[in-house]
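The values are calculated or read from the model by the stated rules, or taken from the named source; none is laboratory data. These numbers were taken from a predicted model, which means no experiment stands behind them. Because the Cβ atoms are built from the backbone with ideal geometry, glycine has one as well, and the counts that use them run over all protein chains shown. Quick note on the areas: whole protein, heavy atoms, side chains included, nothing else; ligands and nucleic acids left out. Shrake-Rupley method; radii C 1.70, N 1.55, O 1.52, S 1.80 Å.
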Amino acid sequence: MLSMKNYDVIVVGGGPGGSMAAKIAAEKGLKAIFFERGRKSGEKNSSGCGLGPRMWRDFPDMMKRLTPDLAPSMRAGAVARNYFINKDDVVAGMVMARPTESVKYEPAKKFITMNVYRSDFDPWIANLAIEAGAEQITSTLILDVIKEDGKVVGVQADGGEKYKAPIIIGADGVISMVAQKSGLRHKWHLDQVTLVPQYDFYVPKENIDKIMGEESLAVWWGSTFPAAYQVFFNEGMHIGLGNWLDWWGKNPLYYLNRVVNLPYFQRIIKLLEAKPREVQAHLLPWMGYPENTYTDNVMLIGDAGGFPCPLEAEGIYPAMVTGKLAAEVAAKAISEGDTSKAVLKLYEEKWKESSVGIEFEAGPELQSIWSKLPFEPKTMEWFVPMMMEILGGIYDWSEPHAVRVRNIVEHLRGYLPKATPFIMQEVIPLVSAIFKDDFEQFTNLFDLIQNMFPTKKGGK
Ligand SMILES: Cc1cc2nc3c(=O)[nH]c(=O)nc-3n(C[C@H](O)[C@H](O)[C@H](O)COP(=O)(O)OP(=O)(O)OC[C@H]3O[C@@H](n4cnc5c(N)ncnc54)[C@H](O)[C@@H]3O)c2cc1C
């Protein structure tokens with residue numbers, strides 16, 4: 001018979017969240033073990049990602065150890081290209097943006113994201129946990145939790161081995177067996193989780209350097225597909241898009257192929273000599289607010305807890321922050337000899353106070369505007385030409401400029417029947433959630449917008 005092994009903390013999942021939790025738990029002197037179903041961390045994840053600069057701000061000692069010799073795919077996304085595509089699948093305009101003057105700290109002033117393949121990043125962070133003293137077991141799927149008196153007290157692996165601990169951290173990603181078996185979540189609702197298909201391309205590094213340079217990020221804001229992201233790594237590129245599970249009218253690859261088949265996109269991949277390498281698809285929680293993140297002896301972190309950012313679903317940083325907080329709360333609870341939910345409530349208090357929690361202050365509104373604008377081609381169909389009228393209309397020699405301005409303003413009035421309800425339903429609730437008590441200054445926003453347009457009488 002297989003014996004029961006005892007630990008202080010069991011972490012299910014060896015992604016960024018699980019590795020961070022195991023690392024901090026070990027640093028706190030706890031006997032920690034973390035399990036990964038892949039042969040190594042990163043093997044089961046969609047292949048690449050952009051790391052947000054808050055990681056360097058909040059975990060400086062750790063992040064300065066992430067160097068190109070350990071993670072050769074690292075490439076700074078210093079500048080983002082934004083392509084605006086109209087309903088005829090033509091690039092109607094492009095805006096390039098680098099971190100702006102109001103960005104407050106390094107390295108956020110230098111890059112928007114640091115792009116890296118998960119096959120470089122996940123093993124790197126798992127090794128830091130091992131170095132700190134945590135034990136990692138790979139190629140092992142945790143199948144179930146062990147319960148006593150209705151409370152989770154351990155886990156069971158696919159080989160039948162049993163492991164016990166006063167604290168179990170669910171870092172097992174979007175499907176999270178721990179969330180389901182502990183009773184914290186039965187199932188995601190269709191509007192809480194997205195499906196994200198993406199293509200990975202091989203691209204020679206010298207071509208990326210020569211053609212893209214610092215512009216290693218792009219968003220394709222479409223009118224016939226949900227907004228698509230493009231991320232460059234050294235020797236590779238992703239193009240992907242996603243939407244909530246209740247949205248897809250057609251096969252998700254139909255929409256992704258629309259992006260790839262854009263003549264402008266084709267031009268870029270030909271120039272880059274990019275070669276398709278892999279088709280990938282992954283689920284990603286994307287919700288207005290995380291629910292039920294702890295119970296007796298159990299805490300959920302990262303995707304398992306629904307922590308990706310409600311606007312753009314940045315998920316690595318939230319996984320690492322919640323992993324750290326859960327491990328710290330575990331250490332405190334174990335030292336006090338009480339791991340009940342009354343004590344683990346501290347975990348919820350801590351993540352709410354953190355940068356991750358602050359992100360959710362306007363979570364439902366951010367999620368809503370994202371679903372109704374960039375992820376809703378029907379809105380983008382009028383939004384793209386309206387925006388291009390504002391951004392690009394004046395660069396035009398078809399009439400004297402005063403006539404052009406009058407034409408543009410007159411044309412923009414035509415968008416009011418569509419833009420006004422959108423502003424009322426999406427923009428005003430968002431601004432009000434963000435500015436809260438200071439919202440008074442925006443209460444006349446609607447009047448202000450309407451008054452921006454001269455009346456027929458005032459115009460020529
Ligand atoms: C296509 C795509 C692109 C993305 N791009 C970005 C990006 O650019 N930047 C960003 O910040 N975020 C991005 N995200 C989100 C980000 O990937 C996740 O939010 C992040 O990986 C969450 O980390 P985690 O540790 O919570 O979970 P995961 O990374 O999912 O790790 C969970 C780990 O647990 C293992 N596991 C699961 N179940 C078990 C089990 N029962 N037993 C043992 N092991 C188990 C898995 O194999 C996995 O390694 C993207 C997501 C997708 C789908």
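Summing charges over all other residues whose Cβ lies under 14 Å from the Cβ of Y199, with Lys and Arg as +1 and Asp and Glu as -1, gives +1.
Can you tell me the FRET efficiency between V279 and E206 if r is taken as the Cβ-Cβ distance and R0 is 30 Å, rounded to the nearest 0.05? The partial results should precede the final answer.
On the way: r = 26 Å, r/R0 = 0.85.
Given R0 = 30 Å and the Cβ-Cβ separation, E is 0.70.
For the chain, the solvent-accessible area of protein heavy atoms averages 47 Å² per residue (probe radius 1.4 Å; ligands and nucleic acids excluded).
The distance between label points at L143 and H189 comes to 3.4 nm (points 7 Å beyond Cα on the Cα→Cβ vector).
Normalised by the number of residues in the chain, the average gap of Cα pairs under 8 Å and 6 or more apart makes the relative contact order 18 percent. For the stretch 284-323, the residues whose backbone nitrogen is under 12 Å from a point 7 Å from the Cα of L245, taken along Cα to Cβ, are 284-286.
For the stretch 323-332, 3J(HN,Hα) computed residue by residue from phi via the Karplus equation (6.51, -1.76, 1.60; θ = phi - 60°) reads x, 5, 5, 5, 5, 5, 5, 4, 4, 5 Hz, glycine and proline entered as x. Of the trypsin sites (Lys or Arg not before Pro) found in the stretch 213-280, those in coil by DSSP whose Cβ has at most 15 other Cβ atoms within 10 Å are K250. Across the chain, Cα-Cα pairs more than 29 Å apart make up 52 percent of the total.
Derived scalar couplings between HN and Hα for the stretch 399-416 equal 8, x, 4, 4, 5, 4, 4, 5, 4, 5, 4, 4, 5, 4, 4, x, 7, 4 Hz in order, rounded to whole Hz, by the Karplus curve 6.51 cos²θ - 1.76 cosθ + 1.60 (θ = phi - 60°), x for Gly and Pro. In this structure, A433 and I175 have a Cβ-Cβ separation that, at R0 = 35 Å, corresponds to a calculated FRET efficiency of about 0.70. In this simple spin-label model, placing a label point 7 Å from the Cα along the Cα-to-Cβ direction at both L253 and N407 gives a separation of 4.5 nm. Compared with the alpha-carbon gap, the fully stretched path from S398 to D338 is longer by 14.1 nm at 0.36 nm per residue. A simple spin-label model places pseudo-atoms 7 Å from Cα toward Cβ; at K109 and K372 they are separated by 3.8 nm. In the stretch 163-266, a dipole from Cβ-located charges (positive for Lys and Arg, negative for Asp and Glu) runs towards its positive end, and of L195, L256, S176 it is S176 whose Cα lies farthest in that direction. Between their Cα atoms, which of K44/K151; K187/K332; K64/K275; K40/K270; K187/K436; K151/K324 are more than 27 Å away from each other? In this structure, K44/K151; K187/K332; K64/K275; K40/K270; K187/K436 lie more than 27 Å apart at Cα. For R98 and I390, the FRET efficiency from 1/(1 + (r/R0)^6), where r spans their Cβ atoms and R0 equals 22 Å, is about 0.55.
Just for the chain, what percent of DSSP beta bridges are antiparallel, to the closest 5? Close to 70 percent. Measure nothing but the geometry: give the 0 to 90° angle between the long axis through the Cα atoms of 341-353 and the longest principal axis through the Cα atoms of the chain, rounded to 10°. That helix lies at roughly 30 degrees to the long axis.
Dipole of the stretch 365-451, Cα-centred, from +1 at each Lys and Arg C-beta and -1 at each Asp and Glu C-beta, to the nearest 20 debye?
On the way: 7 positive and 12 negative charges, 48 e Å.
The calculation lands at about 220 debye.
Seen from every direction in turn and averaged, the convex hull around the alpha carbons of the stretch 365-451 projects onto 6.5 nm².
Within the accessible area of the chain, what % is carbon and sulfur when the probe is 1.4 Å and the other protein chains stay in place? So the carbon and sulfur contribution to the accessible surface is 55 percent.
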